[in-house]
1. So, in the stretch 247-286, of the ones that are among the β-branched types (Val, Ile, Thr) and either within 20 Å of residue 234 (Cβ to Cβ) or not assigned by TED's automatic domain parsing to the domain that holds residue 227 (or both), which residue ends up surrounded by the most Cβ atoms within 10 Å (Cβ to Cβ)?
2. Could you tell me whether residue 217 is crowded, with 21+ Cβ neighbours inside 10 Å, charged (D, E, K, R) and in contact with a Leu (Cβ under 7 Å, 6 or more places away or on another chain)?
3. Restricting to the stretch 216-240, name every residue that is touching a helix residue (DSSP H, G or I) at 6+ places or on another chain (Cβ under 9 Å) and within 24 Å of residue 95 (Cα to Cα).
4. Kindly evaluate residue 265 against the criterion of being of a type outside the set (Asp, Glu) and more than 28 Å from the chain's Cα centre (by Cα).
5. Can you pull out every residue in the stretch 55-100 that is modelled with pLDDT under 70 and either of a type in the set (A, V, I, L, M, F, W, C) or part of a helix (DSSP H, G or I) (or both)?
Amino acid sequence: MPRPRKTTPSYLRHPNGQGRMVWTDATGTRRYKQLPGAFNSPESLEAFASLQLELAVSPAAVPPSLHAGPTVVEVLAAYLKYAGEYYGRDSTELFMVKDAIRPARELYGLTPAADFGPLALSAVREAMVRKGWSRPYVNRQASKVVRAFKWAAGRELIPATVFTALKTLAPLKAGRTAAPETEPPTAADPAHVAATLPFLPPHARAVLELVRLTGMRPSEACGMTLGQIDRTGEMWVYSPKRHQNLHRRKARAIIFGPVARAVIVAHLGAKVLGPDEPLFSPRRQRDERFTELRAKRKTKVPPSQVTSTKAKPKRVPGEWFTYHALGHAVKVACEKAGSPPWTPYMLRHLRAGELREQFSLQHARAALGHSHASMTAHYAKGADMKLAEEVASKAG
C-alpha cells in the first residue's frame, strides 16, 4: 500500500534559488506554488505563512492564479514538442529553441504563463547576457521565447494580451548593453581550408569538399542520398527533400560539375548504397575505420577482442551528420593542423565571394539558392570590395 501523501504544506528550495510551497489538496492532487523572493528571505517566508493560513481556512482552495492557466514550463514544454515536429528532431533550429527556453524555464518555470510579462522577459534576457552570450544572439534567443508565447496565444492556451505585452520589450541596442558584440560573418581563408582538409575523417572531408565546390548549405550536404541525385545527364542535379525555403514552396536544385561528381564517385568507391541511405554517415565512417584498422593488423586478434563490442553502448555515432558534428570535426582538424579555426558555413561565404568575382550577381544567386540577390550581395561583401578596388585602381 503506498504511503499517503503529506497534506501539510512544505517549504522547499527551488533550483533557481527561490522558495516554493508543496502540498496535497483535499482531492489528493499534488500542488506547487513558487514564492517571491529568495529562499528563506523575509518576503518568501511571509508569502509561505499567508498561503498556509489560506489553506488552513479552506483546504480545498487553490491560491489565486495558481491554476488559472498553464505555467511557463507547461507552455514551453508544449512549444518544444511542436518545434520538434515542425523543424525536425535533428535540426539546428530545435537546438537553438532548447537553448533559448532553458533560462526562462529555470527562472519562471512554476510561474503562471499569464503572469509572464515584459519584466520577466527582461530578467530572462539578463540571465542570457550573464552567460556570456553576444548581443545579437541574446536578441535572437529572446525572440524565440516570445515566439513560444505567440504560439501558445494562437492556440488559446494563454490570453493574447500576454504575447502583446512581451512584444513591447525593445531589443538590446549596440553599445548600450553589457553583452559583447560579435564580428560579422566572414569567408574562410582558402589556405586554412586546404591545410585542414587532410586532417578530417573521410566522410566529413567529402561533405566539406562538396560545400567548398558548390556553395551549398552544410545541412543540404549532410542530408544527401543517391536517390535525390539525378545522374542521367551530363550534369548531376541534387534536389534535397528538405531545405531552407521548402515551407515557401520553392524548389532547390544544386548542380554538380565534373569536380564535384569526382568527389562523390571517389567517396562511394565500391560501396553499394540504397536510394534512401545517407551518402555521408558518422556511423558508417566509424565502421569503415575499424575495418581498415583490423585489415592492417599484423598480429592475431585475441579471443577477448573478437566480441568486445558492447551489446548496448551508451553512445553510438549517428546515422546522419548534423551541423554540430561537422563543426566539431572541423574544430579538431584545425587543432591538429595548427590552423586558425573556421566553420563549415564559412565555406559557403568563401564560395559566394568566388562566384561573385567570376560571374554576375544573378548567376551567383542561382548557384547559392538565394531567393533575393540582396542576400547574395550580403554573402559576397568581400568580393564586392575587391571589385570596388579594381575599379578604383583603373578609374583613379
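The values are calculated or read from the model by the stated rules, or taken from the named source; none is laboratory data. In this text the structure is predicted, and so the values were computed from the model without any measurement. When we count neighbours, we look across all protein chains shown, and the Cβ atoms used for this are built from the backbone with ideal geometry, even at glycine.
1. So in the stretch 247-286, the residues among the β-branched types (Val, Ile, Thr) come out as 254-255, 259, 263-265, 272.
With the extra rule that they be either within 20 Å of residue 234 (Cβ to Cβ) or not assigned by TED's automatic domain parsing to the domain that holds residue 227 (or both), the set shrinks to 254-255, 259, 263-265.
Numbers: 254: 24, 255: 13, 259: 12, 263: 18, 264: 20, 265: 9.
Restricting to residues being among the β-branched types (Val, Ile, Thr) and either within 20 Å of residue 234 (Cβ to Cβ) or not assigned by TED's automatic domain parsing to the domain that holds residue 227 (or both), the top hit is 254.
2. Details: crowded, with 21+ Cβ neighbours inside 10 Å: yes; charged (D, E, K, R): yes; in contact with a Leu (Cβ under 7 Å, 6 or more places away or on another chain): no.
Judged against the criteria, residue 217 is not a match.
3. 216, 217, 218, 219, 220, 221, 222, 224, 240
4. Numbers: of a type outside the set (Asp, Glu): yes; more than 28 Å from the chain's Cα centre (by Cα): yes.
Against the criterion (of a type outside the set (Asp, Glu) and more than 28 Å from the chain's Cα centre (by Cα)), residue 265 qualifies.
5. Those that are modelled with pLDDT under 70 and either of a type in the set (A, V, I, L, M, F, W, C) or part of a helix (DSSP H, G or I) (or both): 57, 60, 61, 62, 66, 68.
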